[in-house]
């Protein structure tokens with residue numbers, strides 16, 4: 001469908017990492033990674049760092065959905081104990 005292969009994907013990611021390293025906000029990357037990064041990360045390090053951050057820091061929408069689910073569970077628990 002997209003006429004590419006793993007080598008093409010790897011090269012595209014490497015170009016993105018290189019562009020970030022040359023022109024991106026390294027202070028933000030340090031904050032995301034949790035330490036000062038001295039050397040340009042390889043593809044795996046870069047993706048792992050961003051993915052780990054994303055998993056540990058849910059979006060505003062995800063936090064609101066979790067709060068809503070917790071509130072609904074609390075209401076359900078209260079209602080079921082009231083009927084005893």
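Residue count for region 23-38, restricted to those that are more than 27 Å from residue 6 (Cα to Cα) and out of contact with any helix residue (DSSP H, G or I) (no Cβ under 7 Å at 6 or more places or on another chain): 9. Please verify whether residue 44 is assigned to a helix (DSSP H, G or I), out of contact with any strand residue (DSSP E or B) (no Cβ under 8 Å at 6 or more places or on another chain) and surrounded by 12 or more Cβ atoms within 10 Å (Cβ to Cβ), treating the condition exactly as stated. For residue 44, the condition - assigned to a helix (DSSP H, G or I), out of contact with any strand residue (DSSP E or B) (no Cβ under 8 Å at 6 or more places or on another chain) and surrounded by 12 or more Cβ atoms within 10 Å (Cβ to Cβ) - is not met. Can you tell me which residues in region 39-66 are more than 13 Å from the chain's Cα centre (by Cα) and more than 28 Å from residue 6 (Cα to Cα)? Residues satisfying the conditions are 61, 63, 64, 65, 66.
For beta carbons closer than 6 Å, sequence separation of 6+ or different chains, a first residue in region 50-72 that is on the phi < 0 side of the Ramachandran plot and free of Cβ contacts under 8 Å to residues at least 60 places away in the same chain and a second that is surrounded by 10 or more Cβ atoms within 10 Å (Cβ to Cβ) and part of a helix (DSSP H, G or I), the qualifying pairs are 53/32.
Read the figures in this text as sums done on the coordinates, not as results from a lab. Keep in mind that what you see is a predicted model, and the values were worked out from it rather than measured. In this analysis, Cβ positions are derived from the backbone assuming ideal geometry, glycine residues included, and neighbour counts consider all displayed protein chains.
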